[in-house]
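These notes are about the structure you will find just below.
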Amino acid sequence: MRKSGASRRGRRGETRNAPGRLRTSAGSAVTRIASGLTCVLLSTGLATPASARWFWEREPASDAQTTAGGKADRGDARHRSAVNLTIDINGGNGDVRSAVQDASGLYGLEQDGAHSTDEVLRAALSERARIIGAMYQQGRYAAIVEVEVAGTSVSNPAIRDAIDAAFARGTVPATIRLTPGPVFHLGTVAVHDPDGRPATVVGAAATGLVVGDVAGSAGLVAAEAKLTSAMQNDGYPLARVTSREVVADHRAVKVDVTYVVDPGRSATFGAVEVRGTDKMNPGLIRRWAPFKAGERYDPAQVAAYERYLRGLEVFDSVRVTTAQAVESDGSIPIIVTVAERKLHYVGASATWSSTDGAALTAYWGHRNLFGGAERLRLDATVSRLFVNATNDLEYRVGFTFTKPGIWSYKNDLTIASHLVREAPKAYTREGFDNTISLIHRFDDRRDVSIGFSPSWSHITDAYGDHYYALFGMPVAGRIDTTDDKLNPSEGYRAVGSIEPVVGDIGDSNFMLLSNATFSAYKALDDAKRFIVAGRVQIGSVVGPSLADTPANDRLYAGGGGSIRGYAYQAASPRDAWGQITGGRSLFVTSLELRTRITETIGLVPFVDMGSAYTESWPNFSEPLKIGVGLGLRYFTSIGPLRLDVAVPTTHEKGDPSVAAYISIGQAF
């Protein structure tokens, strides 16, 4: 059901603290706001305590109820009346009008129409509080607001009857009269202990408030969370802000704010209690805690513990919290509450491009094989559908096993084995790939791995038939500071690897494979509707000649993950007969402007450029191949669906005039 404008738009003008009460009198120079910063109901000359209380106690009727006045709601989905709103602002600037419109429930009904008198009444009764809240967010603590609907003040008990009559006529007039008043700035910021003395555990600097800045209510409320975090970071797990007093001096146009904090006792980490396990071994959960009993309490460690447990993919939900009290020995127990997921899962995925064809993947997995969050996944992929003959398709079938917590919660062991067939234009390969690797995580954003990767292959390419038995030792590293895995708007990613390989590789029996990818993302506006994204990829093969380098280890450019617009591998070196051979080095770069047109639709103009080279390092002896295009994005809860259409600026043999690509997630 579509929400009304009153509920949909009005919440932007609210803050989340409890309603405050304004204490003032005619000619008063100081306003004291006890604890809340919005939803003020009383102000000199605008409402009496009795009338304000009457309105908030008199609930409007639902569609099936009768109001206190005895009149049933006459609105229904088939009848919609117009709200004609006039906003009269005396002073301020354009930001004031914009804030009023964002906060106003009546403005929302003017845009969308009103389905019932209850809808109009709810918006009318909450209108003044919403607008006062919006003014407080701008630091305007002397704002005066009057609201009339159907020619009747919202403080008038006859307001319901007036709305009923106007609604029946088809148009409900409404007027908001606002004098926003001056912008108040911070005068003093103080932090006190419960006994009223200056706090010793935390000071005013921790609030992030700066004397002389605009005293917006959002910043005053956010300062409480900052104070709590500062105390907890210093080892006080049960610290809290018990009260906040805000005093507005109307003559000086300043606001003085005082926070009262209760840090509680400092504590060390105590025992870990695990609740809710079924198949999972609770002893392992305790062992994987990133802290030891007796260490000073650190909320960052608690948060890291929770993220790690979530990443195991065993649990539907994970909560890591502290006990309600510090123990007599100065420690605080840590409580882990989990709910386990189903042990097994199945799934499938598909991608398609006009140059690379379609790929279908099916998989089955076990989330907790032996009770220690061991993961087993069986998967099968068939690809190059619709571009290769049915007897010349690519496939990949095998398993991946992951054992977390090897020696430390920071280490995972992965074993993978796959039978593969690859059939791009450059070569055909049938092989058996295996990897055993140990991954070490420094934190959520950085990790390294080292492994052993034996493989066996039969390859046919431009240089003939080859059989390889190779043994590699890949070493890789990753840094990821982005804010979103599938749709980043800030940060960067850097991934690199180097792999010495030995085996029957020409005369040298050795080669060194290396590659690196760096991508960066920057939002151009606060709403993140315009994001610039860039990527650079480089790669190198050192050791054997081009002909002696296994074709699947050579480097290629062109295709959906490289230079869009070109056929797969087409922007790569060729022999004298035009056959793609691949190269021993690679350079590719991409640039995108990711624009969000609506909440669900985005457009992405992009350019990709680069090439592969026969030498071990890019020498740029050949002109860069350039592909340009436009992408469409449909944003979902699991990430954006991507459709990219690109054209090559120079055509190679076999290149299409236009290429299209469909997948989930951004291109990089």
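Hey, any hits in region 431-439 for a residue that's assigned by the TED database to the domain that holds residue 524, touching a residue at least 60 places away in the same chain (Cβ under 8 Å), touching a helix residue (DSSP H, G or I) at 6+ places or on another chain (Cβ under 8 Å) and of a type outside the set (A, V, I, L, M, F, W, C)? Can you show your working first?
Going through region 431-439, the residues assigned by the TED database to the domain that holds residue 524 turn out to be 431-439.
Those still in the list that are touching a residue at least 60 places away in the same chain (Cβ under 8 Å) too: 431.
Of the ones still in play, those that are also touching a helix residue (DSSP H, G or I) at 6+ places or on another chain (Cβ under 8 Å) are 431.
Cutting the leftovers down to of a type outside the set (A, V, I, L, M, F, W, C) gives us 431.
Checking region 431-439: at least one residue is assigned by the TED database to the domain that holds residue 524, touching a residue at least 60 places away in the same chain (Cβ under 8 Å), touching a helix residue (DSSP H, G or I) at 6+ places or on another chain (Cβ under 8 Å) and of a type outside the set (A, V, I, L, M, F, W, C).
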#### Entry: Any strands (runs of 3 or more DSSP E) falling wholly within region 444-563 and containing at least 3 residues that are closer than 27 Å to residue 641 by Cα and at pLDDT 95 or above
475-480, 490-503, 510-523, 530-542
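Tell me, please, whether a residue that is of a type in the set (S, T, N, Q) and either surrounded by 16 or more Cβ atoms within 10 Å (Cβ to Cβ) or touching a residue at least 24 places away in the same chain (Cβ under 8 Å) (or both) can be found in region 212-224.
Quick first cut of region 212-224, residues of a type in the set (S, T, N, Q) only: 217.
In the following step, the residues that additionally are either surrounded by 16 or more Cβ atoms within 10 Å (Cβ to Cβ) or touching a residue at least 24 places away in the same chain (Cβ under 8 Å) (or both) were identified as 217.
Yes - at least one qualifying residue is present in region 212-224.
Regarding residue 549, is this residue in contact with a helix residue (DSSP H, G or I) (Cβ under 9 Å, 6 or more places away or on another chain) and crowded, with 21+ Cβ neighbours inside 10 Å? Steps first, answer last, please.
Values: in contact with a helix residue (DSSP H, G or I) (Cβ under 9 Å, 6 or more places away or on another chain): no; crowded, with 21+ Cβ neighbours inside 10 Å: yes.
For residue 549, the condition - in contact with a helix residue (DSSP H, G or I) (Cβ under 9 Å, 6 or more places away or on another chain) and crowded, with 21+ Cβ neighbours inside 10 Å - is not met.
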### Query
If a residue has to be at pLDDT below 95 and farther than 15 Å from residue 584 by Cβ to count, how many in region 600-625 make the cut?
4
### Task
Those residues that are touching an Asp or Glu at 6+ places or on another chain (Cβ under 7 Å) and surrounded by 17 or more Cβ atoms within 10 Å (Cβ to Cβ), I need them from region 346-367; list them, please.
367
### Query
In region 354-399, how many residues are among the β-branched types (Val, Ile, Thr) and touching a Phe, Trp or Tyr at 6+ places or on another chain (Cβ under 8 Å)?
3
### Query
Considering 206, 218, 223, 166, which residue is touching a strand residue (DSSP E or B) at 6+ places or on another chain (Cβ under 9 Å) and farther than 19 Å from residue 236 by Cα?
166
### Query
Of all the residues that make up region 121-158, how many are touching a residue at least 60 places away in the same chain (Cβ under 8 Å) and of a type in the set (Val, Ile, Thr)?
5
#### Entry: Looking only at region 324-359, and only at residues there that are within 16 Å of residue 266 (Cα to Cα) and among the hydroxyl-bearing types (Ser, Thr, Tyr), the one that is farthest from the chain's Cα centre (by Cα)
328
### Message
The conditions are (1) under 24 Å from the mean Cα position of the chain (by Cα); (2) part of a loop (DSSP other than H, G, I, E, B); (3) over 25 Å from residue 374 (Cβ atoms), and residue 321 fails exactly one of them. Which is it?
### Response
(2)
### Query
Which residue pairs have Cβ atoms under 9 Å apart, sit 6 or more places apart or on different chains, and have a first residue in region 374-396 that is crowded, with 16+ Cβ neighbours inside 10 Å and a second that is outside any strand (DSSP E or B) and charged (D, E, K, R)?
374/367; 375/313; 375/367; 376/367; 383/356; 384/356; 384/392; 387/356
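What are the residues in region 276-310 that are under 15 Å from residue 331 (Cβ atoms), aliphatic (A, V, I, L, M) and over 27 Å from the mean Cα position of the chain (by Cα), if any? Steps first, please.
The first filter runs over region 276-310 and keeps only residues under 15 Å from residue 331 (Cβ atoms), leaving 286, 289, 291-298, 301-302.
Adding the requirement that they be aliphatic (A, V, I, L, M) leaves 289, 293, 302.
Within region 276-310, just 293 meets the criteria.
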### Message
Can you tell me how many residues within region 592-637 are part of a loop (DSSP other than H, G, I, E, B) and not aromatic (Phe, Trp, Tyr)?
### Response
14
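Would you be able to tell me the number of residues in region 592-618 that are closer than 19 Å to residue 580 by Cα and free of Cβ contacts under 8 Å to residues at least 40 places away in the same chain?
From region 592-618, those closer than 19 Å to residue 580 by Cα are 609-618; that's our starting set.
Imposing the further condition that a residue be free of Cβ contacts under 8 Å to residues at least 40 places away in the same chain reduces the set to 615.
The qualifying residues number 1.
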## Note on the structure
region 171-270: strands (runs of 3 or more DSSP E) wholly inside it with 2 or more residues that are acidic (Asp, Glu) are 240-249, 254-262
### Task
Please work out if residue 592 is buried (at least 18 other Cβ atoms within 10 Å of the Cβ) and either more than 29 Å from residue 547 (Cα to Cα) or touching a Ser or Thr at 6+ places or on another chain (Cβ under 6 Å) (or both).
yes
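Going through region 574-591 one residue at a time, which ones are in a strand (DSSP E or B) and of a type in the set (Ser, Thr, Tyr)?
Taking region 574-591 as the starting set, the residues that turn out to be in a strand (DSSP E or B) are 574, 580, 583, 585-591.
Residues satisfying the conditions are 585, 589, 590.
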## Note on the structure
Expected single match for among the small types (Gly, Ala, Ser) and surrounded by fewer than 16 Cβ atoms within 10 Å (Cβ to Cβ) among 514, 508 is 508
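Select from region 149-163 the residues that are under 45 Å from the mean Cα position of the chain (by Cα) and in a helix (DSSP H, G or I) and list them in ascending order.
Here is the first cut: in region 149-163, the residues under 45 Å from the mean Cα position of the chain (by Cα) are 149-150, 153-155, 159-160, 163.
Those that are under 45 Å from the mean Cα position of the chain (by Cα) and in a helix (DSSP H, G or I): 159, 160, 163.
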### Task
Check residue 555 against each of (1) at positive phi; (2) touching a Leu at 6+ places or on another chain (Cβ under 9 Å); (3) surrounded by 21 or more Cβ atoms within 10 Å (Cβ to Cβ) and name the one condition it does not meet.
(1)
### Query
Within region 638-656, how many residues turn out to be at pLDDT below 90, charged (D, E, K, R) and outside any loop (DSSP other than H, G, I, E, B)?
0
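Select, from 580, 662, the only residue that is of a type outside the set (Phe, Trp, Tyr) and under 24 Å from residue 487 (Cβ atoms). Spell out the reasoning first.
Numbers: 580 fails: under 24 Å from residue 487 (Cβ atoms).
That would be 662, the only listed residue that is of a type outside the set (Phe, Trp, Tyr) and under 24 Å from residue 487 (Cβ atoms).
The values are calculated or read from the model by the stated rules, or taken from the named source; none is laboratory data. This is a predicted model, so every value here is computed, not measured. Every residue, glycine as well, gets a Cβ built from its backbone with ideal geometry; the counts of neighbours run over all protein chains shown.
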